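Taking it in order: structure first as structure tokens, then the write-up.
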Amino acid sequence: MKKKLISFTLLVTLIFTLTLTGCGGKKGGQNDVTTATNNEENFNEEGLPIVNEPVTIKMASSKKPYVRPFDELKFFQELEEKTNVKIEWDLSPGEGWTEKKNLIFASNDLPDAFYGSWVLSDDEVLRYGLQGLLIPLEDLIEKYAPNVKKMFEDYPEYKKMLTAPDGHIYSLPRLDESSPLTNDVLMINKTWLDKVGKPIPTTTDDFYEVLKAFKEHNDLNGNGMDDEIPFTFRGSHHISGIYSLMGSFGILDNSKKIAVVNDKIEFIAIKPEYKEAVKYFHKLFTEELADEEAFTQDGSVYSAKVSRTKSEEQIIGALTGWGLVQTFGDRNENYVVIPPLKGPKGHQMWNKRDGTFSKCSFVITSACKNPEIAMRWANEHYESDIAYQEYYGLFDVAIKKNDEGKIEFIQPPEGKNLSNLRHEQSPGQNGMHFLTKDMVQNIKYSEKDIEKKECDEMYKPYVVDTNYPQIYMTIEENEELATIKTDVINYVKEMTAKWMMNGGIDEEWDTYIKKLKQMKMDKMITIYQNAYDRYISSK
């Protein structure tokens, strides 16, 4: 009898000791909540709370400077109350996040999970997944994540993009179906057009003539200074650059210089159409119709030019950007958005925005002893009301539901803007970010968003999708690309800027092509093609 009593006492002691360890198996301190997840009675496979007795999960994330520490945000505090899952945050500033990630994985001092939009790169997810530092999620999704499972059923193409070459899913995605059709539109100063007696340009030749008239007219903005800039842009920027304007010459440009045309991979910067586009823009620079700082100005310099204070006159004739309200605020009355220009051979195309989907907003590491809890916690972020508040801000703080059940944005008080309200109690741009088409239909958008939708309608007939899908490369492919891609792209950017500013493309074109081949451009194209072929042939 005495021996049985001792054994029972040891058993109780062991169980009590186990309840003091967290999801990562580390011993808890005085203020730590307990975990008893090995006890099936503590974990609920469905419904809330997730666990009957509170559990702590250690989670790493990158934090933007305008977002408060996560443990101070009411969003996470309320989620903890609902789920009984407490998050122990290990936050790093965005500028130091790459170094911090490398240190975490190199030291093997892993958190239980990583959280937030683009928290790990595609290469990192694949590399650490294959190394066993991140665990496969597909079985956990099937059993414990009905919201994620439904998303995969509704969007099978996204599940396909998430599936690594070894057949596993290692991360949960960021999905934003509110994403506009286009990144950029072409805007022109209608007041200046009226002053120079020109109609809205419809072709690249018309555009040249309009810019020439802007240049030749004396003091269009009436400030007594020769400070007008007929046309400005910002280098290779994806919103305020000239990628889409090349569509007038039969080719759509992007930062990767890779396009998919009829399931074939093309390197944009060696096409004859690219050459013709460069020569057109050189003509604009030669005649001082394009901003001489176009390839050197950073975002602050560019913004200062396009959004002059109310005491100054606007100096820009034409430019690309997200839209009128986003670019000029309440001083947009002088400008209009115009359709894509028709080129010399009749081409009239515009880029489709690439940014609806990204692979990684959440992963679970091999250090997590109870991944089912982590998965159930992550699954909550794919529930509509939680997703709205995670990204746009809390109900009654940044957003509200009107009588029709639509999501409306709350008017900020004096001295604050929508971004302030959005990030006051929510992670916002740091969050996992989940918005489906159905959820988007339930949002009553702001003037800026309504204008962007109107721009999309104007541009829709001309939008062509040549974007390379967000698919996994193998580790070997990524390593090969890393040694080729940077040199190739940097060389193309350098020569493109030189030719647009100073000319010489006809004389140097053959040498340029030869050097790209020496840099293994053809090998790079083959890698992209092989990965794409695997993707389209997979189930």
I'd like the distance between the alpha-carbon centres of the range 290-363 and the range 68-132, rounded to an integer number of Å. 34 Å
Which whole-number percent is the relative contact order of the range 333-431 (Cα, under 8 Å, 6+ apart)? 20 percent
My understanding is that a pair violates if its Cα-Cα distance is over 25 Å; which of Lys279/Lys453; Lys195/Lys305; Lys190/Lys498; Lys448/Lys485; Lys190/Lys283; Lys264/Lys359 do that in this structure? Lys279/Lys453; Lys190/Lys498; Lys448/Lys485
Helix 272-286 versus the longest principal axis of the chain: what angle, 0 to 90°, nearest 10, using Cα atoms? 60 degrees
Mind ranking 229-241, 476-488 by how tightly packed they are, going by the mean number of other C-beta atoms within 10 angstrom, highest first? 229-241, 476-488
Enter the accessible area per residue of the range 458-525 (Å², integer; probe 1.4 Å; all protein chains in place). 53 Å²
Once phi for every residue in the range 320-334 is put through the Karplus expression 6.51 cos²θ - 1.76 cosθ + 1.60 (θ = phi - 60°), the whole-Hz ³J(HN,Hα) values, with Gly and Pro written as x, are 10, x, 5, x, 5, 5, 4, 7, 10, x, 8, 10, 9, 5, 7
Calculate how many DSSP beta bridges within the chain are antiparallel, expressed in % of all such bridges and rounded to the nearest 5. 55 percent
About the Cα centre of the range 59-118, what is the dipole size in debye to 20, counting +1 per Lys and Arg Cβ and -1 per Asp and Glu Cβ, all else neutral? 220 debye
Rg to Rh ratio, the range 397-454, alpha-carbon atoms and Kirkwood radius? 0.96
For the chain, the spread of Cα positions along each principal axis, largest first, Å: 106, 58, 36
Between the Cα axis of helix 74-83 and the main Cα principal axis of the chain, the angle (0 to 90°, nearest 10) is 40 degrees
Let me spell out the model: positive unit charges on the Cβ of Lys and Arg, negative unit charges on the Cβ of Asp and Glu, origin at the Cα centre of the chain. What dipole size does that give, in debye rounded to 20? 1040 debye
Net charge (Lys, Arg +1; Asp, Glu -1) of residues whose beta-carbon lies under 12 Å from that of Leu120, Leu120 excluded, is +2
Ignoring any ligand, DNA or RNA, what whole percent of the accessible area of the range 364-429 comes from carbon and sulfur when the probe is 1.4 angstrom? 40 percent
What net charge do the residues around Phe357 carry, taking every other residue with its C-beta under 10 Å from that of Phe357, with Lys and Arg at +1 and Asp and Glu at -1? -2
For the range 232-332, what ratio Rg/Rh do Cα atoms give with a Kirkwood hydrodynamic radius? 1.03
How far, in nm, would the chain grow between Asp510 and Asp522 when pulled straight, counting 0.36 nm per residue and subtracting the alpha carbon separation? 2.8 nm
Rounded percent of accessible protein surface that carbon and sulfur make up, the range 35-137, 1.4 Å probe: 46 percent
Structure-based [θ]222 nm, the chain - -39500 (n - 2.57) summed over DSSP H runs of at least 4, per residue, nearest 500: -12500 deg cm²/dmol
Keeping the other protein chains in place, figure out the carbon and sulfur percent of the accessible area of the range 177-335, with a 1.4 Å probe. 47 percent
For the range 179-193, what does the Karplus curve 6.51 cos²θ - 1.76 cosθ + 1.60, with θ = phi - 60°, yield as ³J(HN,Hα) per residue in whole Hz, taken in order and with x for Gly and Pro? 4, x, 6, 10, 7, 9, 9, 9, 10, 9, 7, 5, 4, 5, 4
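The values are calculated or read from the model by the stated rules, or taken from the named source; none is laboratory data. Computed from a predicted structure; not experimentally measured. Positions of Cβ are backbone-derived with ideal geometry, glycine not excepted, and every protein chain shown enters the neighbour counts. All accessible areas refer to the heavy atoms of the entire protein, side chains included, with ligands and DNA or RNA removed. Shrake-Rupley method; radii C 1.70, N 1.55, O 1.52, S 1.80 Å.
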